1. Taking θ as phi - 60°, what are the ³J(HN,Hα) couplings along the range 93-99 by the Karplus curve (6.51, -1.76, 1.60), each to the nearest whole Hz, with x for Gly and Pro?
2. Compute the long axis of helix 386-399 from its Cα atoms, compare it with the longest principal axis of the Cα atoms of the chain, and write down the angle in degrees, 0 to 90, nearest 10.
3. Rounded, prolate or oblate: which fits the range 170-274, taking a ≥ b ≥ c as square roots of the Cα gyration tensor eigenvalues, rounded meaning a/c under 1.5, else prolate when a/b beats b/c?
4. What percent do you get for the relative contact order of the range 232-386 when only Cα pairs under 8 Å and 6+ apart count?
5. I want to check a number: in the chain, how many lysine pairs have alpha carbons closer than 22 Å, given a sequence separation of 8 or more or different chains?
6. Considering only protein heavy atoms, what per residue accessible area in square angstrom results for the chain with a 1.4 angstrom probe?
7. I want to check the label-to-label distance for His67 and Ala327. Put each point 7 Å from Cα in the C-beta direction and report it in nm to one decimal.
8. For the range 288-440, what is the per residue volume of the convex hull drawn over the alpha-carbon atoms, in cubic angstrom?
Amino acid sequence: MMGRRIAIVGSGQAGLLAAHGFVQAGHEVTLYSDRSAAQWLHGSRPTGTAARFELALAYERRLGLAHWEDVAPKTRGAYITYCPERDNRLVTMQGVGTTHFQAIDLRLQSHRWMNDLEAAGGRIVVGKVDPERLEAIAAGNELVLVATGRGPLAELFPRNAERSVYDRPQRKLAMMVVTGAPQSIPGVPFLPVKFNIFAPYGEVFWMPYYHRDHGATWCLLFEAKAGGPLDRFDGCTTGEQVVAMAKTVIRELMPWEASWAADIELADPEGWLVGAVTPTVREPVGRLPSGRIVMPLGDTAISLDPIAGQGANLGNKLAHHLADAVAAAPGARFDAGWMTRTFEDFWADHGAPTVTFNNLFLEPMTAAGKLLLIAQSGSDGASDSAKQRIANAVLENFIDPRRFTQAFVDTRAARKLVAELSGHSWHRQVLGGAMRVGAGQLRRMFGAGPAYVSLLPQAS
């Protein structure tokens, strides 16, 4: 079977990955980009942190695109501080994965991957694609994938009301790439992504990052509930203002992080974003006025709040799934039925558990989530203990949300998981965790220092 004519609109993470997958499979691929490779590298903003876990990184590796794996920071786990109220670090978690994850500056990545694509035989057309031009593209290709993120072309694909839980943004976002902070977190024996969760106000994350000019840096993300003390970035019009406000918020709400962040500076004038995302799942078929059809990819198909770091991962997985689907039926007609079946298979496998898991972080913590958090209390990122195994399982679900998402939703599933990982009853494990949390609270109440529960010496 001869290669198929496939067009991809969009030169971000998912679009370029799909283009490479199809070129390497012998298809005739044209990528339409709103900017050149050089414009991506200089003159663009990073479109997000785009941290990827092993399932996503493995596909990049397979396609020969993991150019920065040996030089970029290798994040090994997560360090979470949960605060039910201001100034109360109730419980922490140090979860370690069996694989690393990484975040590469998308400007550097798209620049290199576009050049790689042309060298591999793919065709790149630079210019704006509007619905009229998309008609011409669809007329000249057998399959058209739209990977332009949350832009105007996304409106071609109807919103799936049942799967789209929200109709408006749940957080106000401020992201910045910074230099000046050490490539470590005090008290953590591995390089982590750092989470500070404030139940009433929102969340703050920093992720080890590989910057186009400075190499190892950090990407900071503030996820503010509207009107709360994290919601301070609306008036910022420059990256320097965003970083200055971030320092102020850290000093006021996270004084335990102030020394770590004292010397941070904006990595480059374009290395920041302020905005919001409405989490949306769209239908897999977009109909043009002529009746021709196109299919969504990446954020155009499923748009997630960045709160749990799943967006780029889901885009990679969908690109991989589409390449496999085309390979599995070389002579298939890419009609609405094919698009729907292909997407529904992906939704059942990766889409549904990932969207469920990601959205959990936008809501108050479930009873099941609280049970897991208490059961792992005392994890230190180094020991082989029951509490550490539970912390590691929480981390592993970020890597593959198919594994344990049910245990974050269903208390019975959470109890079962705790019992399996601890080797004894869930009651015993949770009671032990609750006692450690209580000890930390007593230390806090009597002025014996912060409630660093996970650093208290305890037996499993």
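The values are calculated or read from the model by the stated rules, or taken from the named source; none is laboratory data. Source: prediction; values computed, not measured. Quick reminder, even Gly has a Cβ in these numbers, built from the backbone with ideal geometry, and neighbours come from all protein chains shown. Heads up: the accessible areas ignore ligands, DNA and RNA and are worked out on the full protein's heavy atoms, side chains in. Shrake-Rupley method; radii C 1.70, N 1.55, O 1.52, S 1.80 Å.
1. For the range 93-99, the Karplus curve yields 9, 10, x, 10, x, 7, 10 Hz.
2. Orientation of helix 386-399: about 20 degrees from the principal axis.
3. oblate
4. 16
5. Step by step, the pairs that qualify in the chain add up to 14.
6. Per-residue accessible area for the chain comes out at 39 Å².
7. The answer from the label model is 2.3 nm.
8. 137
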